[in-house]
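First the structure, in the form of structure tokens, and then the observations on it.
Since every read-out is calculated from the coordinates, none of them should be taken as a lab result. Here the structure is a predicted model, which means the values were calculated and not measured. With ideal geometry, Cβ positions are generated from the backbone for all residues, glycine too; neighbour counts draw on all protein chains shown.
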Amino acid sequence: MIERTKSCLIGTLLLAALGYTQVGFGRVAGTGAQANQKEQPVPGKADSKGSQTVSGPTTPPSDFVIGESDVLNINVWKEPEISQSVVVRPDGKISLPLVGEVFVSGLTPVQTQTLLRNKLQSILTNPQVTVTVTEIRSRVVFITGEVSRPGTYPLLVPSTILQVITNAGGLGQFANKKGIFVLRTVDGKQQRISFNYSQVIKGEKPEQNILLHPGDTVVVP
């Protein structure tokens, strides 16, 4: 009778210990899973400061003319030493290994490809050259002040003041619609061109909605 009682007691203790172990493992596993869970970013969601990345068209048209400060990607097939990213200098030239200095300002990417291919033919057999504009810096306009997204915008196609304001997300709540102006440098001198937003959107004095030039700054007070 005593032996039977001992056996039952030992069995009960073993079951209790086994149950505790299973519960313990279950709690640890659950805690670890919760600890490993991280909040995933939501595409297009603003960050903690409420700002969002501004994106816009950056691919130039086929007739785009290369200018000062533009960034070009030169790719010569099977020639990694020549292939590289270069910046057009203020003198309109770029420098490449085996080629030296090449004047490219005023040329299209396709014309630049042909020029580089001709220069490489005396060095390489049937050189295959690809030129792409990866960053446009020569044709940009600036907008600052009371707009949703002030900043720098590529001027890939002819654009008016109103179009650039629209690209920048429109006027802010406290914008002075009658006091907008464009700063433009001509022959080293700065000009100020007035723009009355209220009149233009009503169809009055449409001549104020001029085409912008590269380097212009639209100021929205």
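ASP70 sits among other residues whose Cβ lies under 14 Å from its own Cβ, and their net charge, with Lys and Arg +1 and Asp and Glu -1, is +1.
Please report how many Lys pairs in the stretch 47-188 have alpha carbons closer than 28 angstrom, counting only residues at least 8 apart along the chain or sitting on separate chains.
4
Hand me the chymotrypsin sites (Phe, Trp or Tyr not before Pro) from the stretch 138-221 located in a DSSP loop with no more than 14 other Cβ atoms within 10 Å, in residue order please. Hits after loop and neighbour filter: PHE174.
Taking label points 7 Å from Cα along the Cα-to-Cβ direction, VAL71 and LEU183 give a separation of 2.5 nm. Of the GluC sites (Glu not before Pro) found in the stretch 78-164, the ones in coil according to DSSP and having at most 15 other Cβ atoms within 10 Å of their Cβ are GLU81.
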